[in-house]
Each structure stands twice: as C-alpha cells, then as structure tokens.
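Below is one structure, written out as structure tokens; the observations come after it.
The values are calculated or read from the model by the stated rules, or taken from the named source; none is laboratory data. Remember, it's a predicted structure, so these values are computed and weren't measured experimentally. Neighbour counts run over all protein chains shown; Cβ positions are idealised from the backbone, glycine included. Heads up: the accessible areas ignore ligands, DNA and RNA and are worked out on the full protein's heavy atoms, side chains in. Shrake-Rupley method; radii C 1.70, N 1.55, O 1.52, S 1.80 Å.
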Amino acid sequence: MMQNSKNSKIYLDYAATTPVDKEVLREMLPYFNKKFGNASSIHSFGQEAIAAIDGAREKIAKLLNCDFSEIIFTGSATEANNLAIKGLIQNFTISAVAKNVKYNNLQIISTNIEHESAHEPLRELEKAGHKITYLKVNKDGFISIADLEKNIKDNTVLVSIIYANNEIGTIQPIKEIGKLLEKINKKRLASLKRERSGQENGLSKIYFHTDAVQALNYLECRPDWLKIDLLTFSGHKIYGPKGIGGLYVRKNTPLSSIISGGGQEFGWRSGTENVPYIVGLAKAVEMVFKNREKLSKYVLDLRNKLWKNIIKYNKDAKLNGSFNSRLPNNLNIRFAGLSSETLIVALDQAGVAVSAGSACSGRALAASHVLKAIGLNSKQMKESIRITLGKNTTKNEIKKAAEIISALSKKLKL
Ligand code: PLP
C-alpha cells in the first residue's frame with residue numbers, strides 16, 4: 001500500500017500503536033501555535049477553537065451515521081471505556097438515591113477477554129457490590145450468544161463486549177448480540193408498561209457497549225448497524241495521535257460524568273478540549289472510512305503470506321485463536337519450547353519489532369488473561385508472540401520478517 005521509509009527496522013506491532021499519518025499531522029499542526037485558542041473563550045481565538053471541535057465532531061458523527069451530540073471526546077480510549085461502564089452504573093446509583101429505590105446489585109455482563117481498560121472498571125464495580133458475569137470464550141476465542149442469553153436477568157443493565165480482541169484479534173458477533181438485546185429490550189419494555197407498579201424499580205433497557213478500539217480500522221462500526229448504545233474508539237490505533245479517544249453515546253443513554261469541572265463535552269467530560277488532537281482524531285477516522293476495504297485486503301494478503309511462510313519452516317508453530325473471524329492484520333503465534341521473551345529480544349536485535357500479548361502488560365510481561373481464557377497453560381502463554389501489520393507494512397518487509405522469524409525461532413530452540 002504505502003512504501004515505508006528507508007528505515008530498515010520492521011515494525012510489526014500496529015495493535016500497540018500506529019504512527020501518525022502525514023495528512024493527520026498536517027491538519028493538527030496549526031492548532032498547536034497559530035490557532036491555539038481555548039474553546040471556552042468568547043473572543044475570536046476561542047471561536048476558532050470551538051469551530052474546529054464542532055467540525056471534528058460533525059465529521060465523525062456523519063461517518064458513524066449518528067447525531068453531533070452523540071460523540072464525546074475523551075483523553076484516551078481507556079477513559080472512554082471507564083466513562084461508558086462506570087458512568088452508566090453511577091447514573092443508576094445516583095438516580096436511585098433521588099428516586100429512593102435500591103440499585104445496589106445491578107448485573108453487568110462482559111467477557112473474560114476484555115482489555116484492561118474495561119476489565120478494571122468492571123472489577124471496581126464488582127467490589128462495590130454489583131454482579132458482573134464474565135462470559136467465557138471457547139478455545140477459538142469466541143463467546144456464545146446462547147450463553148449470553150442464558151445469563152440475562154431482570155437486573156441486567158449493561159452488556160459490555162469487546163468487538164475485536166487486541167491480543168488474538170478475534171471478532172465477537174456484535175451485530176447479532178445487538179439484535180438479541182433489541183428483542184429482549186422490546187419484551188422488557190412491554191412488560192414494564194403492563195405492570196405499572198414495577199415501573200419505578202424496573203430497568204427498562206439493557207444498554208450495550210463495545211470497545212471498538214482495534215475494530216475500527218477494519219470492521220463496520222456504525223452504531224445503528226450494530227445496534228449499540230456506547231462505542232469506544234482511540235486515536236493512536238488508527239494513525240491518529242496518542243492521548244485522545246472518543247465515545248459514541250446513543251441519545252437518552254443515562255450516563256454520569258466521571259470527571260467533573262467546567263462542563264465541557266456536554267457536561268460528560270470536563271477539561272479544556274485538546275483541539276489539535278481532536279482535529280487529528282477526526283481526520284484519522286475520516287481516513288479509516290476512506291481506506292478500510294483496501295487496507296483490509298492489503299494487510300490480509302500480507303498477513304496470510306507471512307503465516308504461510310512461518311509454518312512452512314516451523315511445522316510446530318501454532319496460531320492462538322481462530323484463523324477465521326479474526327482481524328486481517330493479526331497473528332498470535334506460539335512457538336513450542338521457545339520463550340517469547342527470548343524471541344522478542346532476538347527479533348528486535350535483528351530489526352523486527354513484535355510484541356508479547358498486549359502492549360499494556362508488555363513491559364512487565366504479565367501472563368495474558370486472554371491466552372489463559374482460550375485455554376493456554378502458563379508455559380504456553382510464555383511461548384506466544386503477537387505480530388500485527390499495518391498500512392505502512394510492505395511486501396518486502398513481510399518477506400524479510402518471515403525469514404528472520406523462521407531462522408531465529410529455529411535457532412533459539414536448539
Ligand atoms: N481497548 C483496546 C482493545 C485496546 O487495544 C486499547 C489499547 O491498547 C485500549 C482499549 C486503550 O486505548 P488507549 O491507549 O487510547 O487508552
């Protein structure tokens with residue numbers, strides 16, 4: 001697709017982060033020093049800033065086919081996941097005080113392969129007394145819709161399921177889950193209307209959140225199509241800047257802010273808006289929508305070539321997670337008998353950057369809860385590496401990387 005620079009290092013860790021696209025950077029630059037106003041100021045500098053934010057919001061809303069007021073900018077996808085999960089539950093507990101009803105044991109359904117930024121807020125809510133049901137994935141990395149349906153109770157208020165996993169790239173059936181929840185919500189609303197007395201305590205809807213951080217590059221993410229109420233995305237996974245994220249919030253979704261202050265972002269996320277990053281995020285989303293199909297085919301072809309080459313020379317290399325219904329840029333491979341730490345360091349010295357598990361736990365090389373969830377034991381987890389391609393990956397790099405990976409994985413095993 002795009003030719004890489006003369007840099008001889010081969011970067012194959014696009015799930016950890018992506019470089020800022022040149023076009024994105026160009027749009028961002030004026031907002032650092034020339035157009036530097038604070039969007040809350042009344043004068044023309046402020047007006048210029050708010051116009052840029054409005055323009056960015058409008059752009060993303062159009063692409064996602066939603067309303068301008070349904071897009072919130074946050075400081076990261078981590079924050080967006082926290083806002084979606086804690087903000088929703090907090091809203092119920094706050095309104096419970098006002099209505100004098102008890103909502104201290106709400107049920108949330110999630111999975112055992114969420115990113116830490118969803119998993120940790122869930123654990124905090126669990127400690128606060130809420131019931132969290134973690135659906136198990138099978139050995140291929142997928143939840144079962146029947147299992148989800150079986151676990152839905154009258155006090156279920158939120159379903160939060162990652163769209164595409166950051167470690168093994170497996171794609172959950174978000175659209176099908178959306179359809180199921182829509183059906184259940186219709187029934188729930190009808191029965192609440194029948195029993196007027198139940199209305200006060202009744203939870204009229206199960207809200208549906210997905211973390212689409214890794215999915216946005218490659219998959220359909222329009223909320224209406226997915227039938228989703230809350231959708232998280234991040235700048236730095238889509239060739240935008242780090243430190244900026246976004247949350248789609250469907251109209252009338254009860255959400256409390258988790259950061260209070262000056263009331264920016266419709267009161268949901270206080271703090272002076274990061275105008276250059278917001279502008280950059282919108283440009284990055286625009287480019288995703290323009291190039292998605294082409295990019296998906298491009299990386300899929302290279303990814304498959306790489307995998308073919310790896311298994312040609314390493315008959316015992318195993319893919320973690322399903323080969324099908326997986327992000328087109330992702331490989332998570334186990335080389336039996338070879339420590340991933342040793343391999344990653346050797347690959348880095350040979351100029352190939354890959355990762356072990358997810359980047360967030362990468363520094364400490366903590367055991368991966370995702371690999372554990374698909375049934376790997378601790379030895380197998382320590383033998384696994386993640387390779388993720390991106391739009392700057394070239395055919396030549398893949399050829400070279402395949403040779404280096406094959407040679408090193410054989411050599412280090414001896
Ligand atoms: N969700 C997923 C699936 C991710 O892969 C990541 C980052 O690795 C995040 C959330 C957090 O994103 P951010 O770095 O913008 O906080």
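What the table shows:
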{"quantity": "Dipole magnitude of the chain about its Cα centre (Cβ charges: Lys, Arg +1; Asp, Glu -1), debye to nearest 20", "calculated": "1160"}
{"quantity": "Trypsin sites (Lys or Arg not before Pro) restricted to DSSP loop in the stretch 277-317 with at most 14 other C-beta within 10 Å", "calculated": "Lys315"}
{"quantity": "Reachable aspartates and glutamates, given that their alpha-carbon falls under 15 Å from the alpha-carbon of Lys294 and they are not under 8 places away in the same chain", "calculated": "Glu220, Glu286"}
{"quantity": "Among Leu300, Thr253, Val285 - extreme Cα towards positive end, dipole of the stretch 237-321, charges at beta-carbon", "calculated": "Leu300"}
{"quantity": "Near-label residues of the stretch 219-242 by backbone N, under 19 Å of a point 7 Å along Cα→Cβ of Asn65", "calculated": "219-233"}
{"quantity": "Cleavage-rule hits, chymotrypsin sites (Phe, Trp or Tyr not before Pro), the stretch 225-292, DSSP coil, Cβ neighbours within 10 Å at most 14", "calculated": "none"}
{"quantity": "Solvent exposure of the chain as accessible area per residue, Å², 1.4 Å probe", "calculated": "45"}
{"quantity": "Asp54 paired with Ala366, simple spin-label distance in nm, labels 7 Å along Cα-to-beta-carbon", "calculated": "4.3"}
{"quantity": "Residue-averaged 222 nm ellipticity for the chain, from DSSP H runs of 4+ at -39500 (n - 2.57), nearest 500", "calculated": "-13500 deg cm²/dmol"}
{"quantity": "Partners for Lys372 among lysines (Cα-Cα distance below 24 Å; same-chain residues under 8 apart left out)", "calculated": "Lys127, Lys131, Lys136, Lys139, Lys150, Lys315, Lys318, Lys382, Lys413"}
{"quantity": "Farthest toward positive dipole pole in the chain [+1 Lys/Arg, -1 Asp/Glu at C-beta], among Leu29, Tyr14, Leu371", "calculated": "Leu371"}
{"quantity": "Within the chain, percent of DSSP bridges classed antiparallel, to nearest 5", "calculated": "55"}
{"quantity": "Degrees between helix 174-194 axis and first principal axis of the chain (Cα, 0 to 90, nearest 10)", "calculated": "10"}
{"quantity": "Once exposed loop GluC sites (Glu not before Pro) are cut out (DSSP; at most 10 other Cβ, 10 Å), longest piece of the chain", "calculated": "201-414"}
